Amino acid sequence: MVASSQPLATAAGLEILSQGGNAADAAVATAAALNVTEPTSTGLGGDMFALFYEAATGQVTALNGSGRAPASLNLDLLRKNGLTELPPYHPYTITIPGACAGWCDLIERHGTALSLSAVLAPAIRLAEQGFPVAPVTSHFWRQAAGRQLKESLNGGEMTIDGRGPNPGEIFHNPGLARTLKTIAAGGKTAYYTGEIAEAIASTVQQAGGCLTVDDLAAHTSTWDEPISTTYSGLRLWECPPNGQGIAALLALNILEGFDLPSDPLAADRLHLEIEALRLAFADSRWYVADPRHRETSVVFKTAEVYPALISKEYASGRRKLIDARRATLDQQRGTPVAGSDTVYFCVVDQWGNACSFINSNYMGFGTGIVPHGWGFTLQNRGHNFSLEPGHPNELAPSKRPYHTIIPAMITRVYDGTLFGPMGVMGGFMQPQGHLQVFLALAQGLDPQSALELPRFCISDGTAGGEVALEDGIPAETIADLTRRGHPVREVTGWERALFGRGQVIVRDPETGVLTGGSDPRADGCAMTLS
């Protein structure tokens, strides 16, 4: 089964499964097809993360495919250019795109003998022959055409005469087909050196940035130890920082000490979930940083802080800060030791392997800057760096920023078997979506029902942020949350995109039957290969 936000991308993954590929192969095929059909959210100019469940061993591995800042970018350079903050689409926000290396590394470690050219073939065909643009994608494409694509270098190459395609209109991307063919022939080396690298570096420098071919050539993915916690007989797995998945684990540990009402939209329940996430964000917005970077390690010992943050003992102390009757908007980070636009999709193969995969440009088309003739935009992920000197997430050369994109995986505590991959995209909504969908699944809802529940979102991902409440949450619940002191606003229509788009596949432990769900807030679907 494949569940993604685009039917054509789901079909691409199923095509690879039908050829004998496994979950890793199908995931890369789906990611590549999404680059073609939903460039509003994802692409080869962005980053990726993945969790892979290996059925034969029961092991979960975590792949960090995020890029680093250019080696010459630092706070002094920003000050020299009169910048006290980074505008969202500035070329200084471009970090090295990690997606291509991540795709290749996932296949190298977990894929079958299927060739990279075979895996990328469906996406190449879509880019060359064209595809009908889906309605939700069209809406955000047309928005971006009048925003960053209009203002950014070569951004018009991702439009039709300066506008975004209409729903159902055929869009061809010969430049992206060229890129994918080059990667199919030469692997990740063909992306990070040679013509593509030269085009990326020269375009960034022409736009006023400082990324170089040497920065691209030095890029590597990393395999990390995944982090997890348990709740109600299930284990939720996340990638470790520099991703923000730890926020979902922090909140889940805090909630474990409460008897949550069974009604997922009851005010008493939503209040506790919101308050747990306020505490989680108070911690994660400080502690989530690149743990391998020397300027991070001098602030705190990452080998100690992350396990301590997700310990049950730490959660018990943080839990005491929650008032069941009132919102607390000024929660501060704790001391665990002495001293977020994206596509998410998932795949489960015939052998029971599972891949939870997320790929993103950030802010839609990222910067909107296009390496001339190559058919993809460059991300603005560096906008998530802190410009505060001494902050763990302080901008520094060759450093990864705080990353909003996070995949998740669920296993059963009693025997370690696969429950299923899941995820929700959408900036700082992502750990909030993980928490809400996971709790619904743990309560026994099927994947589609769990995804269709109305959501809340602490809009800016901070401890005191305003709470957006999706259309469908009862009026009495909204009134109750307001009385408790939560600053709330109701959200309807297209703005519901801020609640993210998720995908879930659940595997029955007895029969192996797969049940999938795809978020109604997007264009996608879950489909199985019989």
- Query: Is the stretch 58-80 home to any residue that is of a type in the set (D, E, K, R), assigned by TED's automatic domain parsing to the domain that holds Q206, under 18 Å from Q205 (Cβ atoms) and over 17 Å from the mean Cα position of the chain (by Cα)?
  - Reply: yes
- Total residues in the stretch 135-193, condition under 15 Å from E38 (Cα atoms), of a type in the set (V, I, T) and assigned to a helix (DSSP H, G or I): 2
- at pLDDT below 85, under 29 Å from E388 (Cα atoms) and of a type in the set (G, A, S) - does that describe any residue in the stretch 275-283? no
- Note on the structure: Note on the stretch 400-414: residues assigned to a strand (DSSP E or B), within 12 Å of the chain's Cα centre (by Cα) and closer than 15 Å to W237 by Cβ are A408
- Output the number of residues of the stretch 380-399 satisfying the condition of being farther than 18 Å from F49 by Cβ and either assigned to a strand (DSSP E or B) or among the small types (G, A, S) (or both). 5
- Task: Please list, ordered by first then second residue, the pairs with beta carbon atoms under 9 Å, 6 or more apart or interchain, first in the stretch 424-439 and at positive phi, second part of a loop (DSSP other than H, G, I, E, B) and among the hydrophobic types (A, V, I, L, M, F, W, C).
- Result: G427/M363; G427/I405
- Note on the structure: Considering residues that are surrounded by fewer than 24 Cβ atoms within 10 Å (Cβ to Cβ) and of a type in the set (S, T, N, Q), the number found within the stretch 362-414 is 4
- Task: Name the residue, out of L176, L236, that is farther than 14 Å from A101 by Cα, among the hydrophobic types (A, V, I, L, M, F, W, C) and not assigned by TED's automatic domain parsing to the domain that holds P135.
- Result: L236
- Query: Would a scan of the stretch 459-466 turn up a residue that is among the hydroxyl-bearing types (S, T, Y), at pLDDT below 95 and under 22 Å from the mean Cα position of the chain (by Cα)?
  - Reply: yes
- Residues that are β-branched (V, I, T) and part of a helix (DSSP H, G or I), drawn from the stretch 194-218: I196, I200, T203, V204, V213
- Task: Among residues belonging to the stretch 490-508 that are at pLDDT below 95 and surrounded by fewer than 14 Cβ atoms within 10 Å (Cβ to Cβ), point out the one that is farthest from P39 (Cα to Cα).
- Result: T492
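For (1) touching a Leu at 6+ places or on another chain (Cβ under 9 Å); (2) closer than 25 Å to A190 by Cβ, each residue gets a yes or a no:
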position: T10; (1), (2): no, no
position: S41; (1), (2): yes, yes
position: G46; (1), (2): yes, yes
position: N64; (1), (2): no, yes
position: L77; (1), (2): yes, no
position: A101; (1), (2): no, yes
position: E108; (1), (2): no, yes
position: A118; (1), (2): no, yes
- Message: Here's a check for you: in the stretch 124-134, which residue that is outside any helix (DSSP H, G or I) and in contact with a helix residue (DSSP H, G or I) (Cβ under 8 Å, 6 or more places away or on another chain) is nearest to A522 (Cα to Cα)?
- Response: A134
- Could you say which residue among A315, A327, A266 is in contact with a helix residue (DSSP H, G or I) (Cβ under 8 Å, 6 or more places away or on another chain), surrounded by fewer than 20 Cβ atoms within 10 Å (Cβ to Cβ), modelled with pLDDT of 85 or more and among the aliphatic types (A, V, I, L, M)? A266
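Residue-wise test of (1) of a type outside the set (G, A, S); (2) over 17 Å from the mean Cα position of the chain (by Cα); (3) under 21 Å from I107 (Cβ atoms).
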site: A12; (1), (2), (3): no, yes, yes
site: A27; (1), (2), (3): no, no, yes
site: A31; (1), (2), (3): no, no, yes
site: F49; (1), (2), (3): yes, no, yes
site: L83; (1), (2), (3): yes, yes, no
site: L86; (1), (2), (3): yes, yes, no
- Task: Tell me, yes or no, whether the stretch 36-47 has at least one residue that is touching a helix residue (DSSP H, G or I) at 6+ places or on another chain (Cβ under 9 Å), at pLDDT 95 or above, surrounded by 24 or more Cβ atoms within 10 Å (Cβ to Cβ) and assigned to a strand (DSSP E or B).
- Result: yes
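The values are calculated or read from the model by the stated rules, or taken from the named source; none is laboratory data. Please read these numbers as outputs of a predicted model, since none were measured by experiment. A quick note on method: Cβ atoms are made from the backbone with ideal geometry, for glycine too, and the neighbour counts reach across all protein chains shown.
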